[in-house]
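Enquirer: I am attaching a structure below and will ask some questions about it afterwards.
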Amino acid sequence: MKKPGEIKGTHQQPPHDGQPPRYFECPNCGFLTASERFGSGAAECPICKAHADGRRTFPNEHLRRLDERIRHYEAAGESEIVVILAETFLEAILEDILDRMLSTRGADVVVREVVLDGQRAIGARIGRIFPQLSGEEFERAASELGYHEFPRRWREVRQARNSFIHDSPFKGSRDTLDAKMAAQAMELLDQAYRLFVSLNNRFVAKSDPASPFSERA
Ligand SMILES: [Zn+2]
């Protein structure tokens, strides 16, 4: 499937060693890539020509530890915890990408906090903040990057998590957080890295003509 703006080496293969994926971030434009050559400083950023500083990686340590924990619970067959934590992870990584989009539009940390704290509901973040910042519906952007089913399957995991947490007496007890839903949550977790890195590179990483690294300066 065609992936607009995708640059070779942007993604790793999905992890099989129980370790979360790791991406390197360009300190100048925010471009993310799995390329070890960029991470080690051997290759320049394909967007702005800057070099990695060896410090910035995605996801941050916080999310990396959460991911490790989720994989640990998955190996132990703890489906309920896997779904609940994976949903937490997905919401955190969405917040991260929205924060980056705000930042690239010049919003300082106070503005970013006001915007994100003012809209904590995940549905509104996807349905309102994302399209306002990107000019595109989340579903359409995901589809264009090759993740057509991601938004719908994410919604299913979210609903399963919510009905488990808020066990409604009107709906009856729900035993939806089974091994099947845990497997779906794990697939979304692995896809989320690739999708959100692609969204970052499409909507955040920009060649800045004023940059000393840019050839167009
Ligand atoms: Zn760059």
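Enquirer: Any residue in the range 56-64 that is within 16 Å of the ligand (Cβ to nearest atom), exposed (fewer than 15 other Cβ atoms within 10 Å of the Cβ) and either under 20 Å from the mean Cα position of the chain (by Cα) or not acidic (D, E) (or both)?
Expert: no
Enquirer: Only one of these conditions is not met by A107: (1) under 24 Å from P151 (Cα atoms); (2) surrounded by 12 or more Cβ atoms within 10 Å (Cβ to Cβ). Which number is it?
Expert: (1)
Condition check ((1) more than 16 Å from the ligand (Cβ to nearest atom); (2) small (G, A, S)) across all residues:
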residue: A52; (1), (2): no, yes
residue: V82; (1), (2): yes, no
residue: L90; (1), (2): yes, no
residue: R100; (1), (2): no, no
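Here, each number is a calculation from the coordinates, and none is a lab measurement. Because the structure is predicted, anything quoted here is derived from the model rather than measured. Cβ coordinates were reconstructed from backbone atoms using ideal geometry, including for glycine residues, and neighbour counts include every protein chain displayed.
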